Every structure is written in structure tokens, then in C-alpha cells.
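Asks: Below are the C-alpha cells for one structure; questions will follow.
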Amino acid sequence: MIPYKHSNVTLARNLRKNMTPWERKLWYEFLRDYPVRFQRQKPIGSYIVDFYCAKARLVIELDGSQHYNEHKCLKDKIRTEKLEGFELTVIRIPNNEIDENFAGVCEYIDDYVKGSLCK
């Protein structure tokens with residue numbers, strides 16, 4: 001079991017109720033009914049990740065334009081390294097990929113999950 005900051009539980013619950021349009025699309029049109037269970041807005045360590053699949057040890061983070069300035073990129077790098085410290089793989093997907101290449105995003109996630117289950 002991966003530890004988490006208990007004070008993040010309430011925030012995670014609120015984030016689930018107020019998903020971004022890109023999170024909503026990925027969840028309702030793909031991950032919610034995916035054959036391997038995903039969770040949304042999952043507390044892990046001191047973070048809340050967008051989507052988490054325990055079986056595949058996979059974290060999916062959706063990144064909006066605010067993630068592409070120098071300061072935020074550094075914070076994301078540190079966050080990814082800390083999550084990888086729990087032996088998780090972090091996939092970062094830009095929001096515009098959800099808009100412009102949704103089928104490709106779903107295929108990418110599906111390929112990763114299937115590959116990780118074969119190990």
C-alpha cells in the first residue's frame with residue numbers, strides 16, 4: 001500500500017467533483033469503463049494524482065498550458081521523481097492531446113497497461 005497524506009482526502013474528493021473538461025473526457029469516455037480499474041484524483045504520498053491504476057502501477061497526469069513555464073516544469077519534474085520513488089510510472093499528457101488526438105491517447109494508455117500486466 002502506498003502511503004498518502006490524510007489531509008489530502010477531502011481535497012481529492014472535491015477535485016473529483018470538479019474535474020477539468022479534459023479529465024472528465026478521459027474518465028467518462030475511456031478510463032471509467034476500462035477493464036483494469038483506474039481511480040481518479042488519488043492521494044499518493046503528499047500529492048493528488050489525476051488518475052491511478054494500481055495493477056499497472058501507473059499514474060496519468062493531464063497537463064494544461066500552465067505546466068509549461070520554467071517554474072512549473074521544475075515542480076512537475078520533482079513531483080514525477082517522487083512518484084517514481086514509489087515504483088510508479090508517470091505518464092504526462094498535454095490537454096491539447098485530449099482535444100486533438102483522443103483515440104491516440106487512449107491507445108497509448110491501453111498499450112502501456114497491457115504491456116505492464118505482461119511483465
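Asks: What is the residue count in the stretch 2-13 for residues that are over 11 Å from Ile48 (Cα atoms) and surrounded by 11 or more Cβ atoms within 10 Å (Cβ to Cβ)?
Replies: 1
Asks: A further question on this structure: Which strands (runs of 3 or more DSSP E) does the stretch 3-119 wholly contain that include 3 or more residues that are out of contact with any Phe, Trp or Tyr (no Cβ under 6 Å at 6 or more places or on another chain) and touching a residue at least 12 places away in the same chain (Cβ under 8 Å)?
Replies: 47-53, 58-63, 89-94
Asks: Of everything in the stretch 1-25, what is out of contact with any Lys or Arg (no Cβ under 9 Å at 6 or more places or on another chain) and of a type in the set (Ser, Thr, Tyr)? Give them in sequence order.
Replies: Of everything in the stretch 1-25, those that are out of contact with any Lys or Arg (no Cβ under 9 Å at 6 or more places or on another chain) and of a type in the set (Ser, Thr, Tyr) turn out to be Ser7, Thr10, Thr20.
Only the coordinates and a few stated rules stand behind these numbers; no lab work does. Note that the structure is a prediction, hence the values are computed from the model and not measured. Cβ atoms come from the backbone with ideal geometry, glycine included; neighbour counts cover every protein chain shown.
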